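Step one of this worksheet: look at the structure below.
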Amino acid sequence: MGNTVSELPLALEERNHSYRSHDHINEDLYLAHCSGDTGLGLPNAHTSLPPALTQTVSLYQNIDLSFNLIREIPLDLPLRLPHLRHMNLSHNRLESLPQSVFGFLHLERLDLSHNLLTSLPSSLSLLSHLSWLDISHNQLSSLPPTFADLSTLQKLNLSNNQLKHLPISLGALPKLSVLLVNNNHLQEKLMSLCSQRESTQLIKHLQGEFRRTQSELTDRTFINQFARERGSVFDSRVLNAGSAQSLFAQLQAQAVQTGNRLLTPMIPPVGATTLDVDHLRDAITGMFYGSIVGDSLGILTQFMTPIEADFYYSGSSLGLDSMQVDSVRCRYSPGDVTLSSHLVLTLLESVLAWGGVVDELDYVDRLCSLIQANTQVKYDSHLLKGLFSNLEEFRSNPVLAAEQWLLQHPSPSSHPQVVDNMCLPPVIALVMSEFHSLTEVCDNAARICGATHPHQANAAAAQCLAKLLTKLIQGQSTQDALEDAKSTLSSQNLSSEQLDDMSHPWVCLSDMLKAVEMFLSAGEDGFREAMSATVMRGGHATVTGCVTGAVLGILTGFQNIPKDWIENVNVDIRRNMDKKLNNLFDLMGVP
């Protein structure tokens with residue numbers, strides 16, 4: 001009993017006073033310690049925690065162990081300091097923290113600055129009262145994805161580390177009011193938001209990015225998640241939350257500095273697009289999925305007049321499960337796609353096989369193999385039907401075969417489908433080969449048209465579409481890209497006869513541009529509204545739907561394409577698309 005009574009005053013004193021391992025630090029001692037000169041450093045500096053803190057249970061609420069040479073924290077320290085609220089471990093030699101740090105249940109303030117930390121334990125996020133955290137002047141290259149759980153954190157100092165990216169999850173911290181990030185390796189965009197006076201802009205930016213990524217996730221019924229399966233180029237890399245942009249930038253820089261593109265031959269050069277890598281991946285996925293969704297929807301009204309389409313369908317609830325059965329649609333099942341999608345997938349397959357090179361001979365060879373292996377592929381193109389009628393001749397010399405076909409039908413008036421909108425779908429795939437260069441993309445479009453659609457009107461239309469898609473993937477102004485396409489269209493001076501030809505490529509592009517304008521002026525469901533309106537015009541709705549879906553898919557992103565439309569597309573087509581897209585992103589170095 002006597003021992004218990006005599007220890008009581010000591011326990012109270014611990015509770016009401018701070019534990020300090022040193023007295024005042026003068027300038028000489030500070031500089032000596034920071035330089036690593038222990039000979040000139042603090043006398044009696046600790047290399048481990050003092051026994052007073054490790055051998056008994058203490059009631060200290062505040063401890064200051066700064067300016068020592070401590071390298072590790074004992075696992076059971078939280079049990080020895082159950083009431084700790086403030087802990088200063090700055091200016092030590094800590095290389096890591098134990099996962100048991102979560103045991104400081106009452107901790108409000110933690111100073112870990114000026115150590116050798118390369119990572120933080122995920123359990124740090126369990127400190128439910130932490131409001132102030134300084135982890136500056138360490139060697140951190142990433143933060144735990146669980147940082148979003150620090151709901152009480154108000155002030156955070158991340159400066160003077162090796163961070164190349166700030167996880168968007170920081171935008172989920174509801175009370176964060178001060179954020180210091182200077183002297184890291186962050187993107188220029190983030191650094192431009194940093195101010196020496198305040199951090200409001202940076203915090204608002206992170207909050208906005210977090211809301212943007214989370215806004216649709218509250219209802220997963222309406223969100224699409226692309227099944228990204230990374231290839232061997234990423235096997236040795238750890239993708240922390242929010243690190244995709246950083247990894248992409250590293251791969252780009254490595255490709256530039258070493259010239260080694262063996263694993264990522266299609267990686268775009270630095271500055272090829274203003275879209276960050278997450279937006280780029282979503283836009284590209286949206287372009288390809290938008291094309292097959294548009295094609296599949298187009299089957300519903302293919303060759304119908306607008307009045308017929310309006311009779312059989314409701315534009316406000318257009319779906320793939322309500323197909324009218326007639327002489328056209330009896331050839332298809334709900335969710336099927338047409339030759340338009342097969343042209344896209346075949347050219348994409350060729351581009352991937354050649355590591356980003358557009359080779360018209362390989363494309364035609366693969367196209368001929370597709371037709372031979374799948375006699376069920378249907379096409380509504382007299383031109384391609386003619387070329388496919390003699391596959392061996394077409395395969396051996398596609399340019400000559402196409403030119404001979406053109407000579408047999410020398411003008412659009414003698415055979416309307418010599419000028420044929422089937423020249424447009426392959427463009428959706430070929431823009432991926434060199435999307436950072438408008439010149440290369442247009443040259444590739446002309447070469448592909450030369451192999452299958454040699455009429456100059458086809459080549460001009462294909463190049464117009466190629467330029468529009470390329471500019472959108474590059475992240476250029478949507479309005480500027482749209483105006484340029486409109487200007488090119490108006491310069492064609494189409495006749496009334498040409499405007500009435502549903503298979504004319506410029507008619508298809510005109511309908512697509514109308515849909516883009518509708519999308520831009522529509523609300524949250526713009527993709528559905530614009531695509532429905534396009535398909536309900538009937539005509540050659542499969543090609544128009546394919547092209548329109550590709551453009552709108554870039555603008556809205558894969559995540560925002562109506563999920564019911566995607567899920568109703570033939571499952572084998574979707575699997576094929578997923579496989580090719582994963583291969584594409586591997587070759588591009590996109591995480």
Looking at 138, 160 in this structure, which one is at positive phi and not small (Gly, Ala, Ser)?
160
Candidate set: segment 314-351, residues that are touching a residue at least 40 places away in the same chain (Cβ under 8 Å), of a type in the set (A, V, I, L, M) and part of a loop (DSSP other than H, G, I, E, B); chosen: the one farthest from residue 531 (Cα to Cα):
337
Take the residues of segment 355-395 that are modelled with pLDDT under 70 and of a type in the set (Val, Ile, Thr): which is nearest to residue 583 (Cα to Cα)?
377
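Does residue 457 meet the test of being assigned to a helix (DSSP H, G or I), surrounded by 16 or more Cβ atoms within 10 Å (Cβ to Cβ), at pLDDT 90 or above and hydrophobic (A, V, I, L, M, F, W, C)?
Against the criterion (assigned to a helix (DSSP H, G or I), surrounded by 16 or more Cβ atoms within 10 Å (Cβ to Cβ), at pLDDT 90 or above and hydrophobic (A, V, I, L, M, F, W, C)), residue 457 does not qualify.
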Anything in segment 556-591 that is closer than 19 Å to residue 298 by Cβ and either within 13 Å of the chain's Cα centre (by Cα) or outside the structural domain of residue 512 (by TED's automatic domain parsing) (or both)? List them, or say none.
556
Go through (1) farther than 17 Å from residue 511 by Cα; (2) aromatic (Phe, Trp, Tyr); (3) touching a residue at least 12 places away in the same chain (Cβ under 8 Å) for residue 311 and report which single condition fails.
(3)
Could you list all residues from segment 434-454 that are at pLDDT 90 or above and among the polar types (S, T, N, Q)?
437, 439, 444
Residues of segment 146-162 being surrounded by fewer than 22 Cβ atoms within 10 Å (Cβ to Cβ), under 26 Å from the mean Cα position of the chain (by Cα) and more than 18 Å from residue 211 (Cβ to Cβ), which ones?
146, 162
In segment 541-565, residues that are surrounded by 18 or more Cβ atoms within 10 Å (Cβ to Cβ) and closer than 15 Å to residue 318 by Cα total 7
Could you please let me know if residue 86 is at pLDDT 90 or above and in contact with a Leu (Cβ under 8 Å, 6 or more places away or on another chain)?
yes
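Residues that are touching a strand residue (DSSP E or B) at 6+ places or on another chain (Cβ under 7 Å) and more than 22 Å from residue 18 (Cβ to Cβ): which strands (runs of 3 or more DSSP E) entirely in segment 91-179 hold 1 or more of them? Even if it seems obvious, please write down each step before you answer.
Values: elements: 109-111, 132-134, 155-157.
Here the list reads 155-157.
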Could you tell me which of the residues 344, 270 is modelled with pLDDT of 85 or more, among the β-branched types (Val, Ile, Thr) and outside the structural domain of residue 368 (by TED's automatic domain parsing)?
270
Of the residues 75, 69, 79, which single one is surrounded by fewer than 20 Cβ atoms within 10 Å (Cβ to Cβ) and not in a loop (DSSP other than H, G, I, E, B)?
79
Applying the selection to segment 462-479, what residues are in a helix (DSSP H, G or I) and at pLDDT below 95?
478, 479
When the residues of segment 292-313 are narrowed to those that are assigned to a helix (DSSP H, G or I) and β-branched (Val, Ile, Thr), which ends up surrounded by the fewest Cβ atoms within 10 Å (Cβ to Cβ)?
307
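The values are calculated or read from the model by the stated rules, or taken from the named source; none is laboratory data. Predicted model, so just to flag it, every value in this text is computed and none were measured. Positions of Cβ are generated from backbone atoms using ideal geometry, with glycine treated the same way; all protein chains shown enter the neighbour counts.
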